[in-house]
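To start, the structure under review is shown below, and the notes come after it.
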Amino acid sequence: MPGHGIVSLVVALTALSGAAARQSAPSPGNAIVSEFMTRVKEYVVLHNKLESKLPRSPKNSTPEQINERQIAFGSLVKEARHGAKPGEFFTPPMQEHVRRILVDVLSGPDGKTLKASIMDENPGLPKLEINERYPSTVPVSTMPPQVLSRLPEMDEILEYRFIGPRMVLVDTDADIILDFTEEILPK
């Protein structure tokens, strides 16, 4: 049949274009992470703008000078984000995405050890406030590389931390809590 080759070509091209569309269509997790990263990038721009208002730190800053600068920087962040509420970075879909990552990582062969490292010196559930300083009485919990490698990569001024079963996003220069999740760490 003379038209048989053309029909086969059309069928093959249709199948290939459908496969390509499926491969290039972002998964829901990608869209969630993309939205999260957009908010992170917007915050980094704000951070840099606010930081430019502060005098430079001396090269050999004392702990007191570092603390004073963090307090001043934190005040600027607090003022600029005066209406911030929990869930602005860790939206419910992002929290669910992180929860799935944690379940996956912590259900692996090293899961118990990883969770123990997270919970070592982890204080439980202190009261957390957006735009407040990271509690000075709370040690910084371990963030296992197996968890970090699965989370969206942060700018160097930001860190993920655990406080009890919650994940916290902290601006380390200002020592300010930007957001936190609900209880997200699997039991």
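The values are calculated or read from the model by the stated rules, or taken from the named source; none is laboratory data. All figures in this text were calculated on a predicted structure; none of them were measured in a lab. For neighbour counting, all protein chains shown are included, and Cβ atoms are generated from backbone atoms with ideal geometry for every residue, glycine included.
All but one of (1) under 22 Å from THR142 (Cβ atoms); (2) not in a helix (DSSP H, G or I) hold for GLY83; which doesn't?
GLY83 satisfies every listed condition except (1).
Spot the failing condition for ARG161; the list is (1) of a type outside the set (Val, Ile, Thr); (2) surrounded by 14 or more Cβ atoms within 10 Å (Cβ to Cβ); (3) in contact (Cβ under 8 Å) with a residue 60 or more places away in the chain, and only one is missed.
All conditions are met except number (3).
Can you confirm whether MET143 is assigned to a loop (DSSP other than H, G, I, E, B), buried (at least 16 other Cβ atoms within 10 Å of the Cβ) and under 19 Å from the mean Cα position of the chain (by Cα)? Spell out the reasoning first.
Working: assigned to a loop (DSSP other than H, G, I, E, B): yes; buried (at least 16 other Cβ atoms within 10 Å of the Cβ): yes; under 19 Å from the mean Cα position of the chain (by Cα): yes.
Judged against the criteria, MET143 is a match.
Residue-by-condition table, conditions (1) among the hydrophobic types (A, V, I, L, M, F, W, C); (2) over 21 Å from the mean Cα position of the chain (by Cα):
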| residue | (1), (2) |
| --- | --- |
| GLU79 | no, yes |
| MET94 | yes, no |
| PRO126 | no, no |
| PRO152 | no, no |
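From the residues in segment 120-140 that are surrounded by fewer than 16 Cβ atoms within 10 Å (Cβ to Cβ) and of a type in the set (A, V, I, L, M, F, W, C), which one is modelled with the lowest pLDDT?
Across segment 120-140, the extreme among qualifying residues is LEU125.
Of ILE177, ILE118, which residue is more than 19 Å from GLU35 (Cα to Cα) and over 14 Å from the mean Cα position of the chain (by Cα)?
ILE118
Give the residues of segment 169-187 that are surrounded by fewer than 22 Cβ atoms within 10 Å (Cβ to Cβ), within 14 Å of PRO135 (Cα to Cα) and β-branched (Val, Ile, Thr), sorted by residue number.
THR172
Please enumerate the residues belonging to segment 40-84 that are closer than 25 Å to GLU153 by Cβ and either touching a helix residue (DSSP H, G or I) at 6+ places or on another chain (Cβ under 8 Å) or of a type in the set (Lys, Arg) (or both).
Listed by number, the residues that qualify are LYS41, LEU46, HIS47, LYS49, LEU50, GLU51, PHE73, VAL77, ALA80, ARG81.
Please state which one of GLN70, GLN95 is surrounded by 13 or more Cβ atoms within 10 Å (Cβ to Cβ), within 15 Å of THR172 (Cα to Cα) and not aliphatic (A, V, I, L, M).
Residue meeting the stated conditions: GLN70.
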